[in-house]
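S.K.: One structure, pasted below without further comment.
The values are calculated or read from the model by the stated rules, or taken from the named source; none is laboratory data. Predicted model, so just to flag it, every value in this text is computed and none were measured. Cβ coordinates were reconstructed from backbone atoms using ideal geometry, including for glycine residues, and neighbour counts include every protein chain displayed.
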Amino acid sequence: MNIVPVSGPAPSPSAGGALSAGGSAAPSQSFGDFLARALDNLSALENGSDQLSATLAAGGPVDIHSVVIANEQTSIAFQLALQVRNRVVEAYQDVMRMQV
């Protein structure tokens, strides 16, 4: 199982781009790229969890604690993705309701 650490706080939008460790401006990635990468990570978590569950069900040498932890990590990641989707849809609806 691969656990990715949480990075530091996001740079402010007024900075014009993320600053690298050297202090120079690094190109910022688009929101679409970020979402695609996050969904790929979610898919990998789900595949790993499914694989551990299948190994446990087949009687393979896997610790039950690892299976439960992997399932919970996948569940939490899915709930986060669902909440992000809900917020994006809500923001889109707010923009569409704006009067021009």
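S.K.: Within the range 29-50, track down each residue that is more than 14 Å from the chain's Cα centre (by Cα) and either loosely packed, with under 14 Cβ neighbours inside 10 Å or at pLDDT below 90 (or both).
M.R.: 29, 30, 47, 50
S.K.: OK, next. Do the conditions hold for residue 82, that is, is it in a helix (DSSP H, G or I), at pLDDT below 95 and within 23 Å of residue 2 (Cβ to Cβ)?
M.R.: no
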